[in-house]
2 protein chains.
Amino acid sequence: LLGSINHLFLFTFTLLFMQTSSSSGGKILVFPLDGSHWVNMKVLIEELHSRGHQITVLRPSDSWYVEETSPFYTSITLSCPGKFEANFEKYLSRMLEIRLEKKPVSLWSKLWTHIQLERALIEQFSQFHREVGEVIIHMFEDANLMQSLHAAKYDLVLTDPGVGGGALLARKLQVPLVFNVRWTIQGEAHFLIAPSPLSYIPFTATELTDKMTFTQRVKNVLAYFFGRYTLTYITEPVYKPIVKRYFGPDVDYSTVFLDADIWLMRNDFIFEFPRPTMPNIVYMGGFQCKPSKALPADLEEFVQSSGDHGVVIMTLGTLVRNLPEEVSEEIAAAFAQLPQKVIWRYVGQRPANLGSNTLLVNWLPQNDLLGHPKTRAFVTHGGTNGVQEAIHHGVPVVGLPLFYDQADNLSRVRTKGAAVIVDIGMLDRHVFKEALMTVLYNSTYRGSMQMLSKLHKDQPMKPLNQAMFWLEYVIRHKGARHLQTQSHKMSWFVYHSVDVIAALSAAVLLSVFICISVMRLLYQKIFTGKKVKHE
Amino acid sequence: LLGSINHLFLFTFTLLFMQTSSSSGGKILVFPLDGSHWVNMKVLIEELHSRGHQITVLRPSDSWYVEETSPFYTSITLSCPGKFEANFEKYLSRMLEIRLEKKPVSLWSKLWTHIQLERALIEQFSQFHREVGEVIIHMFEDANLMQSLHAAKYDLVLTDPGVGGGALLARKLQVPLVFNVRWTIQGEAHFLIAPSPLSYIPFTATELTDKMTFTQRVKNVLAYFFGRYTLTYITEPVYKPIVKRYFGPDVDYSTVFLDADIWLMRNDFIFEFPRPTMPNIVYMGGFQCKPSKALPADLEEFVQSSGDHGVVIMTLGTLVRNLPEEVSEEIAAAFAQLPQKVIWRYVGQRPANLGSNTLLVNWLPQNDLLGHPKTRAFVTHGGTNGVQEAIHHGVPVVGLPLFYDQADNLSRVRTKGAAVIVDIGMLDRHVFKEALMTVLYNSTYRGSMQMLSKLHKDQPMKPLNQAMFWLEYVIRHKGARHLQTQSHKMSWFVYHSVDVIAALSAAVLLSVFICISVMRLLYQKIFTGKKVKHE
């Protein structure tokens, strides 16, 4: 009897456990964007894994950042190379070449530089999306793979819509879709999903703010149309044929991105200018931020040796390994003149101008350094991750924007009085030192950043927990369609009520015409015989 | 010595306590909207009080619902009557008279009823805002009162912007402002603060949804312009002179409402159609909902006596005490035919048709009854509070909308498949019974409402806690200006980039003109002597 009760107990326990595991743990398929975007996707994946979800990651065979084996996920390697790294390296050197070219300072040369940079960027993006397109086609053509993905019955596709693979895959598998997003293939993500009046919403890469003069508003409108045209020019040739081939001719390729149940936005209104938003946008800006840990003993010793002057941290992020020698030498010379100690993430030839106060490192614990009480300033290229971490820890910034959204990120922090931006094309030891001194000794910079930090830490829920809640919400409810607006299903002229306005205008005109006709007729009837003739 | 240590200890304790109370407890000034709006304002006040805040409430001398003494707040009674109750009673009887008038069923008679109802509503609103205007002037003219309000240094003004008093007062005192809001004096609150494309956002009182045909979109646009015109016609004569007198001629009265740091919206996207929103809008729909408690013994006994059939609850809310006799008799007759037990909040002559299954009560514990497992349906007028509680507890609804936003509220629940609406002008025992039977026996109604209930209970944070967080956030940070968009500070033509579009169009036209002129000149030069002459 006892054995049988025991057996029953075990059986009940197993049932209960199955219940729990099936209700709490989901099966999540991730189609990531490679490079630095993978860094923050991994934060979500690790947290999802720790909460008991099973994660599968799709990666091209020569993936740049996405490791094949990981304790946090299972990977599926597509037998198709992404070639993203080579493509990026080529762009980076071309971009630096253009920006460092010595030119007379005139409006025309500035414009010419700008055009060349745009051309390099367009070329890189075109190449990039062509490669992505190949990866997607490769995936869809692999019948075995597609069958196994169907059979796996995922609860959710999680993707970065900077590439189209994840959204297309979710539609193919008919699985709920969540974005880890700041950019879509069409530019800044809000422009695709939320009303974005150009009168106070600066378009991507304009470095404008939410307070614009008339001239700036003209610039913003032109930038918007040019930007939209360019992005369509780049992405349409890649995605349109794919969508036509796998979803039929009636599906507009850009609407596939509006399938997402939830948009986890790597952004918030401590950082971003306030603007209209949507019910299915969840802001998780700085979700990767965490309290700083103790530094390794040698680094801590170096930091402590700075005394009251404190330290300056410099890193240009994961993508840029090194700058041209002439730039590095000027930076080193400026650093050498500071009373602060400097920790510089630097790979390559040791600069001749390097001061004894500067420590070169291959890698640095960025979060722990930013959270260190002795850290006084952060020199950064302005990637979203770094800027958000600087905000979180309240460290003012000297920005050295290189490409993509970096200038925009930095200009937001500058507008809030917490950053100075240096143009790498104009950088010499004097300019760079002045920027450093401003941020170090004008206390308003630190004050502004501390204020942003205070706001960033004062939220109803930690951004990462917020993200987890909504990911699991989509799993629990098999989507979140009730948060998607109808606007996505309308043509632009219906959305803007153009047809209604036209109909009402016609009705008014018709009424006026009838009134006039009737009055004229009455006039003729009353003064009958007395036919009026106009000359 | 011991005495002196004890003294020191007490002193330290007092200091600590003062510290805590000044940092956590704020001073909050409430300018409420009387009537049913006070019911939900009181929920916020009680919660704020329990969290250690000091609350002061302003009330007219003959306030309808706002009690002079309360354990939760201090009141300041203005020596000016609001006369809101008399005004409302007059409107209610006039409105019922119009709706119950027997008329031939034709498009024209419907239109005529509609016009009469609009006229009654406009008259009531005009009267109401005139009274409110008198209360506001009375307050501003009372120099002693204003001085003491200034001296009190409130951290926050909390108000319902259905009247203008609170927003005007906050501006006068230069104190942060939080709205407990669903309507402003200009109509549904989103229309004032967020982009609201009329192609999928139904205007107030149209009973339209977010999916509209062409004709419905025409109706919506017309309703919008008519509604905006009417509300301006009602509120401008009251508020414009007040704003001119107390804030100078340069202040536009409607912009005072855009001062609010946070809009606590009595709404959410479980109930509302998804639409654009703003960073400073916090959704707290159903914040008043709480788990149900046990019923009083006699009521529980009555409920249990219903067996498997369960019970039906009916109440028309706090404002409507009674319906005309002929309507009550029909309702009683329909109820008498049900196998369910019925609990009906009813004051007045006992209907002759009353069945033995129906219990009349003066008051009912609505939340506890809605949360009771035996409750099968809820007959309601469709006030926001009641509808939100029905959603929270998952009880399907038979709606009997009477006035204001009630038809809109009910139509949202009907769209989601969880309500049947009965027109009180068409109500007889057959119509009403059919509505009841549909909701009771077509299981999709209960299923839909249970689904809404599940979603309502599955939020990152309880709506009331969310509201408290943001109220205290505004106290902590002395406002939340960083969440207000620039759009509020723009004229409509700048907001819509009309000037930019005009300038760009002019530039294009000019370029075309210059091109044509140059080409013409060249043509003439080339074919010199051969002057071309057009006829």
Inset, instruction - Find the accessible area per residue for the protein assembly as shown; the probe is 1.4 Å, ligands and nucleic acids are left out, and the unit is Å². - result: 47
Legend entry - the stretch A:107-171-the stretch B:282-349 distance, computed between alpha-carbon centres (Å): 58
Legend entry - Shielding by partners, peptide A:494-504 (average Cβ within 10 angstrom, other chains): 5
Inset, instruction - Run through the DSSP bridge list for chain B and note the antiparallel percent, rounded to the nearest 5. - result: 5
Inset, instruction - For chain A, calculate the relative contact order in percent as a whole number, restricting contacts to Cα pairs under 8 Å that are 6 or more residues apart. - result: 12
Legend entry - Exam field: A:Arg476 pseudo-label spacings to other copies (7 Å along Cα-Cβ), nanometres: 2.4
Inset, instruction - Keeping every protein chain in place, order B:Tyr404, A:Tyr224, B:Tyr253 by accessible area at 1.4 Å, biggest value first, i.e. largest first. - result: B:Tyr404, A:Tyr224, B:Tyr253
Inset, instruction - Kyte-Doolittle cut-off -0.5, length cut-off 15 Å along the helix's own axis using Cα: show which whole DSSP H helices in chain A pass. - result: A:2-24, A:36-50, A:84-100, A:107-141, A:214-247, A:325-336, A:429-441, A:463-477, A:498-526
Legend entry - Per-residue average of Cβ from other chains inside 10 Å of A:269-282: 5
Legend entry - Under Karplus coefficients 6.51, -1.76 and 1.60, residue-wise ³J(HN,Hα) of the stretch B:191-208 in Hz, glycine/proline x: 5, 7, 10, 10, x, 9, x, 6, 6, 9, 10, x, 6, 3, 6, 8, 6, 7
Inset, instruction - Note down the net charge around A:Pro81, summing +1 for each Lys or Arg and -1 for each Asp or Glu among other residues with Cβ under 9 Å from its Cβ. - result: -2
Inset, instruction - Set the Förster distance to 45 Å, then compute FRET efficiency between B:His138 and A:Glu46 from the Cβ-Cβ distance, nearest 0.05. - result: 0.15
Legend entry - Computed accessible area, B:Thr69, all protein chains, 1.4 angstrom probe, square angstrom: 120
Inset, instruction - Just check the stretch B:297-457 against the gyration tensor rule for me: Cα atoms, a ≥ b ≥ c as the square roots of the eigenvalues, rounded for a/c under 1.5, and otherwise prolate or oblate depending on whether a/b exceeds b/c. - result: rounded
Inset, instruction - Apply 1/(1 + (r/R0)^6) to the Cβ-Cβ distance of B:Ile501 and A:Thr215, taking R0 = 22 Å, and write down the FRET efficiency to the nearest 0.05. - result: 0.90
Inset, instruction - Show that you can apply the helix-only estimate: for chain B, add -39,500 (n - 2.57) for every DSSP H stretch of four or more residues, divide by all residues, and state [θ] at 222 nm to the nearest 500. - result: -16500 deg cm²/dmol
Legend entry - Nm distances between copies for A:Asp428, ranked from closest, using label points 7 Å along Cα→Cβ: 9.6
Legend entry - Label-point separation, B:Leu111 to A:Val251 (7 Å along Cα→Cβ), nm: 4.7
Inset, instruction - Among DSSP beta bridges whose residues both lie in the protein assembly as shown, state the antiparallel percentage, nearest 5. - result: 5
Legend entry - Cα-centred dipole magnitude for the stretch B:365-439, charges only on beta-carbon of K, R (+1) and D, E (-1), debye, nearest 20: 260
Inset, instruction - Calculate, in nm to one decimal, what A:Phe493 and A:Lys290 gain on full extension: separation in residues at 0.36 nm each, minus their alpha carbon distance. - result: 68.5 nm
Inset, instruction - May I ask for the percentage of alpha-carbon pairs in the protein assembly as shown that lie more than 44 Å from each other? - result: 47
Inset, instruction - May I ask you to derive the FRET efficiency for B:Ala151 and B:Leu360 from their Cβ-Cβ distance with R0 = 56 Å, giving the value to the nearest 0.05? - result: 0.65
Inset, instruction - Give me the percent of the accessible area of chain A that comes from carbon and sulfur atoms, probe 1.4 Å, all protein chains in place. - result: 60
Inset, instruction - Calculate the spin-label point distance for B:Glu207 paired with B:Ile526, positioning each point 7 Å from the Cα along the beta-carbon direction, and give it in nanometres. - result: 7.0
Inset, instruction - Report, for B:Gln304, each distance to the same residue's label point in the other copies, shortest first and in nm; define the point 7 Å along Cα→Cβ. - result: 7.2
Inset, instruction - Give me the accessible area buried between chains A and B, both sides summed, with a 1.4 Å probe, in Å² rounded to the nearest 100. - result: 3900
Legend entry - Average beta-carbon neighbours from other chains, 10 Å sphere, peptide B:456-462: 3
Legend entry - Tensor-based shape of chain A (alpha-carbon gyration tensor, a/c under 1.5 rounded, otherwise prolate or oblate): oblate
Legend entry - Residue order for B:His37, B:His309, A:His430, B:His129 - accessible surface, 1.4 angstrom probe, largest first: A:His430, B:His309, B:His37, B:His129
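The values are calculated or read from the model by the stated rules, or taken from the named source; none is laboratory data. Just so we're clear, the structure is a prediction, and the values are computed from it rather than from any experiment. Positions of Cβ are backbone-derived with ideal geometry, glycine not excepted, and every protein chain shown enters the neighbour counts. Ligands, DNA and RNA are excluded from the accessible area calculation, which covers all protein heavy atoms including side chains. Shrake-Rupley method; radii C 1.70, N 1.55, O 1.52, S 1.80 Å.
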